[in-house]
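Structure record follows, encoded as structure tokens.
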Amino acid sequence: MKNYAAALLCDDCGREYGLRERLNTCPACGGLLEVQYDMAAMKRDIRRIATDERVHSMWRYRAFFPGMADANVVTLGEGCSPLVKSVHLGPSLGLENIYFKNDTMMPTGSFKDRGFSLAVSYAKEIGVTRGFTYSSGNAGASLSAYASRGGLDVLVCVECVASETKQAMVGLYGARTAVLEFERFAQIETMLARASKELGLYQFVNFINPIRHEAMKTYAYEIVEELGRAPDAMFHPVGTGGGIWGAWKGYRELGALGLSDRLPRMVGVQPAVTAHFREAFAQGRREAGAYGDPAKTIAQSIAADSPIQGGRRVLRAIYDSNGLAMGVAEEEILDAMRDLAREGIAGEPASAASVAALKQARRSGWLKDGETVVCVITGSALKQPSAVMKAAGVPKERLHADYESLRALLGGAEGRA
Ligand SMILES: *Cc1c(COP(=O)(O)O)cnc(C)c1O
Ligand SMILES: [Zn+2]
């Protein structure tokens, strides 16, 4: 297969690097690197979105990824998740075309699998043998699974706020795990910048790793392939912003190739108690600073007091797409978890946040009648059992196993009660 990826380009200084260099951030200025493609060649060659229709995973869009040998591809069938139409919440809001992109069904239970399938495969391709990430839980489990499968030696640091289940999953999949303690998020960034420089440590952290978020482009490909058009708006919970930025890049590529005639408004969602993007957006800033307290939210996966490199990419996606940065309250998150569960999907609180934001955006009139909207449901509730308890509680009713008790509980025969 032809390799359309041309170079790595620095966001800040504009220097270009070869794709086979083992780089995280720009060696000259520390800026974030982005994969550039030969769009003219792609436009000549690519007539349909799925470039390998026999494959039922995100690898069916392989021409949109940096090229690599088949032998290096580490896959568990990630991507191509169900796009589930809302039957209750949408109609109750007067919106007939609300969809949930159900990534709780990914191999390790979260959308992180898309990114790590690609990033671990590519790391093998360029000869990386050892790597590192920190994680709020889901990324750690996912990297652990793909690295073990691919034979890579990784150290995963899981934030101390992550549920015990999430912490244990990292070890279960085989990676060396350490619980990460810190007071402010900026400390992690400083630690990693030094480890990169002085130890040459290859990192899998979103954006610091220039490959991982390329896989999130597949949201755009899958949704446009299935709906036959891009949605009017897409809601995504935002931690580092790899998800929302990658999806936005995917839509822009489809637009540039003439495979989609519209771009969605991108909505980034955070818990109100740590909503640094909403704060920056409300003030028209292009960079976000420290804000709030991550310990105050149940949405562990999107709890950070400040973003990587000022969150400039996330804000760019939001401004350029005419979107929104939103914050949702803790109660709204729990309500949305129950709304979503009634549609048949048990998402963790971070995922329910995007549904809570959708409800807000409809009430405020930002979402108009007839619009098509996709909410990404990024991770399964099963890995955060205490949140399930909080949203649903233990059953209150009891039944002793005899007929009379059952009859009393049901309140009589059907239709004759
Ligand atoms: C990691 C994560 C997010 C945030 O994703 P980013 O790419 O870091 O913005 C959202 N939801 C869940 C469930 C996650 O695990
Ligand atoms: Zn640079």
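The values are calculated or read from the model by the stated rules, or taken from the named source; none is laboratory data. What you see is a predicted model, and the numbers here were worked out from it, not measured in a lab. So basically every Cβ, Gly included, is an ideal-geometry build from the backbone, and we count neighbours across all protein chains shown. To get the accessible areas, we keep the full protein, side chains included, count just its heavy atoms, and leave off ligands, DNA and RNA. Shrake-Rupley method; radii C 1.70, N 1.55, O 1.52, S 1.80 Å.
So here's what we get for this one:
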{"quantity": "Fully extended contour minus Cα-Cα distance, from Val87 to Leu406, at 0.36 nm per residue", "calculated": "111.7 nm"}
{"quantity": "Listed residues Ala147, Ala193, Ala357, most fluctuating in the chain (Gaussian network, C-alpha, under 10 Å)", "calculated": "Ala193"}
{"quantity": "Per principal axis, descending, Cα span of region 140-271 in whole Å", "calculated": "46, 32, 31"}
{"quantity": "Unit Cα scatterers, Debye sum, region 277-402: log10 I(q)/I(0) for q = 0.11, 0.15, 0.16 Å⁻¹", "calculated": "-0.45, -0.79, -0.88"}
{"quantity": "Helix axis angle, 217-227 relative to the chain longest principal axis, alpha carbon, degrees", "calculated": "50"}
{"quantity": "Residue of Thr378, Thr75, Thr218 that the Gaussian network model of the chain assigns the largest fluctuation, springs spanning Cα pairs under 10 Å", "calculated": "Thr75"}
{"quantity": "Exposure of Arg149 as accessible area (Å², to 10), given a probe of 1.4 Å and all protein chains", "calculated": "150"}
{"quantity": "For Tyr4, solvent-accessible area (1.4 Å; no DNA, RNA or ligand), Å²", "calculated": "20"}
{"quantity": "Solvent-accessible heavy-atom area per residue, rounded to whole Å², over the chain at 1.4 Å", "calculated": "42"}
{"quantity": "The chain - Debye-derived log10 I(q)/I(0), Cα point model, q = 0.07, 0.11, 0.12 Å⁻¹", "calculated": "-0.32, -0.78, -0.93"}
{"quantity": "Thr190, Thr104, ranked by accessible area, largest first (probe 1.4 Å)", "calculated": "Thr190, Thr104"}
{"quantity": "Whole-number D in µm² s⁻¹ for region 71-180, Kirkwood Cα-pair radius fed into Stokes-Einstein, 37 °C, 0.692 mPa s", "calculated": "219"}
{"quantity": "Options Pro210, Leu192, Phe182, ranked by Cα towards positive dipole end of region 181-233, top entry (Cβ charges)", "calculated": "Leu192"}
{"quantity": "Sequence-separation-based contact order of region 1-111, relative, with Cα cut under 8 Å and 6+ spacing, percent", "calculated": "21"}
{"quantity": "FRET E, pair Arg22, Asp293, Förster distance 30 Å, beta-carbon r, rounded to 0.05", "calculated": "0.25"}
{"quantity": "Equivalent ellipsoid dimensions for region 211-256 as semi-axes, Å, which come from the Cα gyration tensor, largest first", "calculated": "17, 12, 8"}
{"quantity": "The chain - percent relative contact order, Cα under 8 Å, separation 6 or more", "calculated": "15"}
{"quantity": "Sequence ranges 203-210, 334-341, ranked by mean other-Cβ count within 10 angstrom, highest first", "calculated": "203-210, 334-341"}
{"quantity": "Linear extension gain, Asp369 paired with Met39, 0.36 nm per residue minus alpha-carbon span", "calculated": "115.3 nm"}
{"quantity": "Selection from Gly284, Ala272, Leu324, by position along the positive dipole direction of region 233-360 (Cβ)", "calculated": "Gly284"}
{"quantity": "Residues whose placed amide H lies under 5 Å from that of Gly131, excluding near-sequence neighbours", "calculated": "Asp153, Val154, Leu155"}
{"quantity": "Surface/4 estimate of mean projected area, convex hull on alpha-carbon atoms of region 152-219, nm²", "calculated": "5.9"}
{"quantity": "Exceeding the 18 Å Cα-Cα cut-off - candidates Lys296/Lys390; Lys112/Lys383; Lys166/Lys217; Lys217/Lys249; Lys85/Lys359", "calculated": "Lys166/Lys217"}
{"quantity": "Max mean-square fluctuation residue, GNM over the chain, Cα-Cα springs under 10 Å, options Trp245, Trp59, Trp366", "calculated": "Trp366"}
{"quantity": "Area accessible to solvent at Thr240, 1.4 Å probe radius, in Å²", "calculated": "40"}
{"quantity": "Angle between the chain longest axis and helix 138-150 axis [Cα atoms, degrees, rounded to 10]", "calculated": "60"}
{"quantity": "Centroid-to-centroid separation of region 26-54 and region 67-132 [C-alpha atoms, Å]", "calculated": "18"}
{"quantity": "Translational diffusion of region 219-337, µm² s⁻¹ [Kirkwood Rh, Cα pairs; Stokes-Einstein; 10 °C; 1.306 mPa s]", "calculated": "109"}
{"quantity": "Charge dipole (debye, nearest 20) of region 13-56; +1 at Cβ of Lys and Arg, -1 at Cβ of Asp and Glu", "calculated": "120"}
{"quantity": "Accessible surface of region 29-116, 1.4 Å probe, proportion on carbon and sulfur as whole %", "calculated": "50"}
{"quantity": "Semi-axis lengths, Å, region 1-58, gyration tensor of Cα atoms, sqrt of 5 times eigenvalues", "calculated": "28, 13, 9"}
{"quantity": "Equivalent ellipsoid semi-axes - Cα gyration tensor, region 1-132, angstrom", "calculated": "31, 18, 18"}
{"quantity": "Considering only the chain, percent of DSSP beta bridges that pair antiparallel, nearest 5", "calculated": "25"}
{"quantity": "Relative contact order (percent, whole number), region 334-417, Cα cutoff 8 Å, 6+ residue spacing", "calculated": "29"}
